[in-house]
Amino acid sequence: MAANYWASTQRLYWQFSKQKLIETRRKLEDDDRVLVQQYPLPERRFLSIYFNQQIVKLGRRIQVRQQALATAQLYVRRFYTKIEIRQTNPYLVMATAVYLACKMEECPHHIRFVVSEARTFWPDISKLGECEFTLISEMNSQLIVHQPYRSLSDLQSTFSLAQDEVALAWSIINDHYLTDLPLLYPPHIVALTAVFLAVVLKPTQTSLHAAATSAAAAASAVQAAANSVNSSGNGFQPSGTGANSSGTPQTKVQELVSWLAESDVDMEAIIDCTQELISLYDVWDQYNEKVCKEQIARYVKARGIDR
């Protein structure tokens, strides 16, 4: 078990480059080309939204805290870099991921209880115990997850974040599990992105689902921050920190840029995270739960893996 992310199995074995992740998934599809063509599925972002909703639904039913649900979502995402989704019953995988994550996050539930409650939503998942061994095996028993929530707690005092800003940043971190970001970037990068978006969007947004309308402004703000960092180095001084230094949103943005200028944080990574999250919010309105459910049910039933 690594308390340090940089020495963890998460960084050593479960952090991909974008190209590597694309190649990994393409190989899975190529190996099951007939199955992939026979049973088309919605695009990955829609499936991610659907899976998130199902995991959260089960989590609320059995009263699982958010950190365990986040771990479960990452387990599902990792598992499907090893196994083509059409080879599995995703409802069984999701229930198993929640059960396993609860054990790893020290809030365990009895297997019979999880199976009983999950059956109220999904097809038969009685093989949860068997699926648990498969899940552990495919993840090579590398189950420790480092999450951005801890980094967010540290950043709260660093940037004197208000409670509503922390709540918004927390919500953004929750949403990043609907993307590939947990497989691409370290937790502190995600936490910094969440803080930046929370501070930038707070003056005009009460919900990040409305962020698509501010996408251009948010992206420009991040790019401006990157330009400030690249052009100023350690000598960067944020403007307007005199008379307007009482903690207004604009001043916090300037303070965040100043902090980044004095750090070694990868601003390109933060920009990429920002764009990925904005892209998620932009397509959310096109999401159709019924389509996802029907297309999954079609192959699960046809292949007889619903029992």
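Suppose we keep only residues that are of a type outside the set (S, T, N, Q) and under 18 Å from the mean Cα position of the chain (by Cα) within region 133-151. Which one would you say is surrounded by the most Cβ atoms within 10 Å (Cβ to Cβ)?
Filtering region 133-151 for residues that are of a type outside the set (S, T, N, Q) and under 18 Å from the mean Cα position of the chain (by Cα), the one surrounded by the most Cβ atoms within 10 Å (Cβ to Cβ) comes out as P148.
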Could you list, in sequence order, the residues of region 263-299 that are assigned to a helix (DSSP H, G or I) and either within 16 Å of Q54 (Cα to Cα) or among the aromatic types (F, W, Y) (or both)? Y281, W284, E289, K290, V291, C292, K293, E294, Q295, I296, A297, Y299
Filter region 103-125 down to the residues that are more than 21 Å from P42 (Cβ to Cβ) and in contact (Cβ under 8 Å) with a residue 40 or more places away in the chain and list them by number. M104, E105, C107, H109, F113, V114, E117, A118, T120, D124
Return only the number of the condition from (1) open to solvent by less than 10 Å² (accessible area, probe 1.4 Å); (2) assigned to a loop (DSSP other than H, G, I, E, B); (3) at pLDDT 95 or above that I125 does not satisfy. (3)
With (1) in a loop (DSSP other than H, G, I, E, B); (2) of a type in the set (A, V, I, L, M); (3) more than 30 Å from D285 (Cβ to Cβ) as the list, and V114 as the residue in question, which single condition is left unmet? (1)
Would you be able to tell me the number of residues in region 172-186 that are over 8 Å from the mean Cα position of the chain (by Cα) and either open to solvent by less than 10 Å² (accessible area, probe 1.4 Å) or at pLDDT below 90 (or both)? 2
Looking for whichever is open to solvent by 20 Å² or more (accessible area, probe 1.4 Å), modelled with pLDDT under 95, part of a helix (DSSP H, G or I) and of a type outside the set (S, T, Y) here; the options are R11, R77. Which one fits? R11
Can you tell me which of (1) without any contact (Cβ under 8 Å) to a residue 24 or more places away in the chain; (2) open to solvent by less than 30 Å² (accessible area, probe 1.4 Å); (3) under 25 Å from the mean Cα position of the chain (by Cα) is the one G304 doesn't meet? (3)
Which listed residue, of A194, A225, A211, is at pLDDT below 60, hydrophobic (A, V, I, L, M, F, W, C), open to solvent by less than 10 Å² (accessible area, probe 1.4 Å) and in contact with a Leu (Cβ under 9 Å, 6 or more places away or on another chain): A211
Just a yes or no: is a residue in region 59-68 open to solvent by less than 60 Å² (accessible area, probe 1.4 Å), assigned to a helix (DSSP H, G or I) and of a type in the set (S, T, N, Q)? yes
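The values are calculated or read from the model by the stated rules, or taken from the named source; none is laboratory data. Worth saying up front: this structure is predicted, and the values here are computed from it rather than measured. Neighbour counts are summed over all protein chains in view; Cβ atoms, including those assigned to glycine, are modelled from backbone coordinates with ideal geometry. The accessibility values were calculated without ligands, DNA or RNA, using every heavy atom of the protein model including side chains. Shrake-Rupley method; radii C 1.70, N 1.55, O 1.52, S 1.80 Å.
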